[in-house]
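Every read-out reported here was derived from the displayed coordinates using simple, explicitly stated rules and does not represent laboratory data. Bear in mind that the values here come from a model prediction, so they are computed numbers and not experimental data. Here the Cβ is made from the backbone with ideal geometry for all residues, glycine too, and neighbour counts use every protein chain on show.
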Amino acid sequence: MNDLSFLNDLGAVVAADRAHVWHHLSQHKPYETTNPRVIVEGRGLRVWDATGREFLDAVSGGVWTVNVGYGRESIANAVRDQLVKLNFFAGAMGTVPGAVFAQMLIDKMPGMGRVYYSNSGSEANEKAYKMVRQISHRRHGGKKWKILYRERDYHGTTIATLASGGQPERAAQYGPFPDGFVTVPHCLEYRAQWSDADYGRRAADAIEEVILREGPDTVGAIVLEPITAGGGVIVPPEGYWPRVQEICRKYDILLHIDEVVCGLGRTGTWFGYQHYDIQPDIVTMAKGVASGYAAISCTVTTEAVFDMFKDDASDPLGYFRDISTFGGCTAGPAAAIENMRIIEEEGLLENVRLMGARLGDNLAALKEKHAMVGDVRGKGLFWGVELVQDRASRDPVPEGVARAVVAAALDRGVMIGVTNRSLPGFNNTLCLSPALIATADDIDTITDAIDGALTEVGAQANG
Ligand code: PLP
């Protein structure tokens, strides 16, 4: 039997990590001479690393995931109780937590009807793409097969989701990619591509131009983040969403909203799209669904989409012939039920609205104070701070400067992130997404650390 005593010896744990773990999104060369950071424990918004250092985590587990905060015993207990009763059964049959969570979810999503379970955001999006392709075959002779996606959006890390990713940096060196994914322009007004006063409508009209160029009878769906996350925290301008909906209806194009980041309260409503009075056909979600207490993702559709897979029961190919083995794990929905109960009973949507407004105000004050802050944008507890060399030219700071700000905030005990401006070397937007339980003190601690970090890095840059 293996000796697991080293589990309690953090020095040995760090050595094992350094020797054998291949970290996500990481260049490992520096770990030849330094230790990787190993996170050992979390409570609320705080985490502790293997050296005992405490941090306020302003990015919910690094990738906007731990919505209800760390250390939730009630979720751990719900998962434990479910696991000893039934840990798994393949998704061709139902399970109790799977059915209960589906009902709870649909209650929060008027107009939607069905929940398809899998394990990650990428996978949930792949399922959606397969649905669109199969609908094309069943209804349109295979012709309406193209899926539109937007510059700067991200939908996952698999080959097909990278093919539909608007961040070239992520896709570089992983091609060739499958056909049928077509890009539409981003809608970030700060980096405006048109001079129209009605910018939202203009940016949405750009989608129609792509549809007309490709041929409306070849386009099956468009996938969009409600608020772009990793592409620089982009809140679509006024007028954008109603026009997108109008265009989709006009050309019989399914509207797929990727709520992997915004879902489950991040922006102050259950889902990001619910700020905009639109009715999607497909909604995907993952990260905040169970706040990282278990792996779960969902592809949610309207009954109209679902019905297209059962209207010809005599066709042996007529149903959605897809499986995700671990979509049958019960830990995911068991955790998700308790996660949703916490958001509801602790009034976290309201807290997000209040604390989000405070965070927005604090960041606006930092923009007044620091010339390096070019733009501040966000909604709820989801904000981006775009750093520029010069406000007039809006030239982005080199990525090294943004990373120096992140490091200086870390020195002050606060973990923040930096997001992707789509081009290698140009990640220049700080990102903030603290847990939905953040207090006014937490918010002020976060923005004080950024204030100090900007002062320090600004002084270095000028000195
Ligand atoms: N969609 C969006 C908007 C995301 O931000 C992400 C991940 O960051 C994904 C999809 C992919 O999710 P996952 O990493 O769980 O596959």
Find the centroid of the Cα atoms in segment 57-134 and in segment 1-48, then give the distance between the two in whole Å. 28 Å
Of all the C-alpha pairs in segment 15-66, what % are more than 17 Å from each other? 45 percent
I'd like the Karplus ³J(HN,Hα) series for segment 362-379: coefficients 6.51, -1.76, 1.60, θ = phi - 60°, whole numbers in Hz, and an x wherever there's a Gly or Pro. 4, 5, 4, 5, 5, 5, 4, 7, 10, 5, 5, 7, x, 8, 10, 8, x, 8
Dipole magnitude (debye, nearest 20) for segment 172-283, charges at Cβ of Lys, Arg, Asp, Glu: 220 debye
Calculate the dipole size of segment 356-429 relative to its Cα centre from +1 charges on Lys and Arg beta carbons and -1 charges on Asp and Glu beta carbons; express the result in debye to the nearest 20. 180 debye
Highest-first arrangement of 224-232, 303-311, where packing means the average Cβ count within 10 Å: 224-232, 303-311
How much length is gained if the chain between Asp217 and Tyr190 is pulled fully straight, taking 0.36 nm per residue apart and subtracting their Cα-Cα distance, in nm to one decimal? 6.4 nm
Rounded to the nearest Å, the spacing of the alpha-carbon centers of segment 201-278 and segment 391-461 is 28 Å
Taking K and R as +1 and D and E as -1, what net charge do the other residues with C-beta under 13 Å from the C-beta of Val96 add up to? 0
Taking every pair of alpha-carbon atoms in segment 112-254, what share in percent sits in each 10 Å bin, from 0 to the bin with the longest distance? 12, 40, 38, 10, 0
Which residues' amide hydrogens lie under 5 Å from the amide hydrogen of Gly417, considering only partners 5 or more residues apart or on another chain, with H built in the peptide plane? Cys431
Could you list Lys143, Lys250 so that the one with the fewest beta carbons within 10 Å of its beta carbon is first and the one with the most is last? Lys250, Lys143
Placing +1 on each Lys and Arg Cβ and -1 on each Asp and Glu Cβ in segment 344-463, then taking the dipole about the Cα centre, the residue among Ser393, Leu366, Phe382 whose Cα reaches farthest towards the positive end is Ser393
In straight Cα distance, which lysines are under 22 Å from Lys367, not counting same-chain residues fewer than 8 positions off? Lys379
Rg over Rh of segment 263-403, using C-alpha atoms and the Kirkwood radius, what does it come to? 1.12
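With an 8 Å Cα cut-off and a minimum separation of 6 or more residues, compute the relative contact order for the chain in percent.
Rounded, it is 20 percent for the chain.
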Work out the charge dipole of segment 1-134 with +1 on the Cβ of Lys and Arg and -1 on the Cβ of Asp and Glu about the Cα centre, then indicate which of Val47, Ser60, Gln27 is farthest towards its positive end. Ser60
Unsatisfied cross-links (Cα-Cα over 23 Å) in the set Lys108/Lys250; Lys85/Lys287; Lys127/Lys287; Lys146/Lys287: Lys108/Lys250; Lys85/Lys287; Lys146/Lys287
If you take the charge dipole of segment 134-276 about its Cα centre, with +1 on Lys and Arg Cβ and -1 on Asp and Glu Cβ, which of Pro216, Val235, Leu264 is farthest toward its positive end? Pro216
Just the Cα atoms of the chain, one point each, no solvent: what log10 I(q)/I(0) does Debye give at q = 0.07, 0.08, 0.10 Å⁻¹? -0.36, -0.48, -0.76
